[in-house]
Amino acid sequence: MRRDDAIFLLRRSHRTPPFAIILGTNEIASAIAVFLRRSGRRVVLAHDPEIPVIRRGMAFHDALFGDFAWVDEIRAKRADYIGNLFSLFEDDGLVAVTRMGLTDLMVAGKVEILVDARMHKRSVRPDLRGLADMSFGVGPGFVPRQNCDIAIETRPDLAGLVIWEGQTKPQDKSIPGLLGGVGRERFIYSRNSGRWRTALDIGVRVFKDVVIGHLDGLALAAPIDGVLRGLARDDCDIPAGVKIAEIDPRGRACRWSGMDERCETIAQAVMRGTRLKEAELAFFEQQPSNLRH
């Protein structure tokens, strides 16, 4: 931690308001951030370097690079250090995005809500319990009372289901989300790791077999006609086996910005879980101290 941050925290620790931390800057994490900010909470999204964000028009991700990032009337700005973070919290229309890690953010004050929305498909999930008043695991691999307080389903056929018992379903590649009747075929995946270079951007119309960009020097082409709904940022490192681009085949009905229905459903589920957990915590606090354990 920087010396200036340590001094800032010592001066402010007695009056720091609770805030929410969201792990991830993708479109689902961003939708959750919008709903939490609308509820009056201070929100920071922590960057996940492992999986590239492609639906950048629906996410706050590009604010990490100083670019404009806006989702449903909520804007994002980058916080490079703790003092900067709290100055951003003063603006009701802003959320903060940062490259600071969870450990750095937790020492900044009381964490009310912690949400893991990184959407890792295969990695081991960390235990979020006890790191905040309430913790949410979003997507595959989360089990209430094992690694989170509340889990939220994200699979297209179950999106928004709030889980208190059991666990979220594993990733099922046999049930792709359809867009304009097209499933997996609308995505471009990385076959290998490498540096990604592209001259295109979100919202550009492309045609089948047109080169979208180059991964480690290998040209990758559009699999179908449509509009670029998702595209990894130019000049970034891409791991193998992840989505690099998404093409929306719906013609004039295509959409690459704002909040889509699935993300909104998942964010609303987090808010339902938040209200229920708040009621549970309030009830617990009303009990005599000898009955709380």
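Think of it as helices only: each DSSP H run of n ≥ 4 in the chain is worth -39500 (n - 2.57), and spread over all residues that comes to -6500 deg cm²/dmol at 222 nm.
A simple spin-label model places the labels of Asp91 and Leu200 3.2 nm from each other, with each point 7 Å out along Cα-to-Cβ. Remark: region 31-36, residue by residue, has Karplus-estimated 3J(HN,Hα) of 5, 4, 4, 4, 5, 5 Hz, where x stands for each Gly or Pro and the curve is 6.51 cos²θ - 1.76 cosθ + 1.60 at θ = phi - 60°.
Helix 3-12 and the longest principal axis of the C-alpha atoms of the chain enclose an angle of approximately 50°. Ranking of Trp164, Trp70, Trp196 by neighbouring Cβ atoms within 10 Å, starting from the fewest: Trp164, Trp70, Trp196. Across region 184-249, C-alpha contacts under 8 Å between residues 6 or more apart give a mean separation that, scaled by the residue count, equals a relative contact order of 44 percent. Residues in region 133-146 carry Karplus couplings, in order, of 4, 8, 10, 10, x, 10, x, x, x, 9, 9, x, 6, 10 Hz; the curve used is 6.51 cos²θ - 1.76 cosθ + 1.60 with θ = phi - 60°, and Gly or Pro positions show x. Dipole of the chain computed with +1 at Lys/Arg Cβ and -1 at Asp/Glu Cβ about the Cα centre; of Tyr81, Gly213, Val270, farthest Cα towards the positive end is Gly213.
So what is the relative contact order for the chain, in percent, with contacts set as C-alpha pairs under 8 Å and at least six apart? About 18 percent, as a whole number.
Overall form of region 62-208: oblate. Here a/c, set by the Cα gyration tensor axes a ≥ b ≥ c, is 1.5 or more, and a/b is not larger than b/c.
Once Cα extents along the principal axes in Å is calculated for the structure shown, the corresponding label among (1) 68, 44, 33; (2) 48, 41, 39; (3) 70, 68, 34 turns out to be (1). Exposure proxy for Arg56, Arg252, Arg205: other Cβ atoms within 10 Å of each Cβ, ordered fewest to most, give Arg252, Arg205, Arg56.
If the segment from Glu261 to Ser39 were pulled out straight at 0.36 nm per residue, it would be longer than the present Cα-Cα gap by 78.0 nm. With Cβ to Cβ distances under 12 Å as the rule, what net charge do the other residues near Gly160 carry (K, R +1; D, E -1)? Surrounding charge for Gly160 is -1.
In this label model, Asp72 and Arg272 are separated by 1.5 nm, measuring between points 7 Å along each Cα→Cβ vector.
For the pair region 74-110 / region 227-276, the C-alpha centres are spaced 23 Å from each other. Taking θ as phi - 60° and the Karplus parameters 6.51, -1.76 and 1.60, the scalar couplings of region 259-272 work out to 10, 8, 4, 5, 4, 5, 4, 5, 5, 5, 5, 4, 5, 4 Hz in sequence order, x denoting glycine and proline. Calculated FRET efficiency, Asp80 and Asp209, Cβ-Cβ r, R0 30 Å, to nearest 0.05? Taking R0 as 30 Å, the efficiency between Asp80 and Asp209 is 0.10. Rounded to the nearest 20 debye, the dipole magnitude of region 184-249 is 120 debye, with +1 charges on Lys and Arg beta carbons, -1 on Asp and Glu beta carbons, and the Cα centre as origin. Once C-alpha pairs closer than 8 Å and six or more residues apart are averaged by separation and normalised to the residue number of region 34-162, the relative contact order reads 17 percent. The slack between Arg99 and Ser193, meaning 0.36 nm per residue of separation minus the straight C-alpha distance, is 31.6 nm.
For Lys277, which lysines qualify as cross-link partners when the Cα separation must be under 30 Å and same-chain residues fewer than eight apart are set aside? Within the straight-line limit of under 30 Å, Lys277 reaches these lysines: Lys77, Lys110, Lys121, Lys169.
Every number here is computed from the coordinates shown, using simple stated rules; none is lab data. Predicted model, so just to flag it, every value in this text is computed and none were measured. Glycine also receives a Cβ, built like all others from the backbone with ideal geometry; neighbour counts cover every protein chain displayed.
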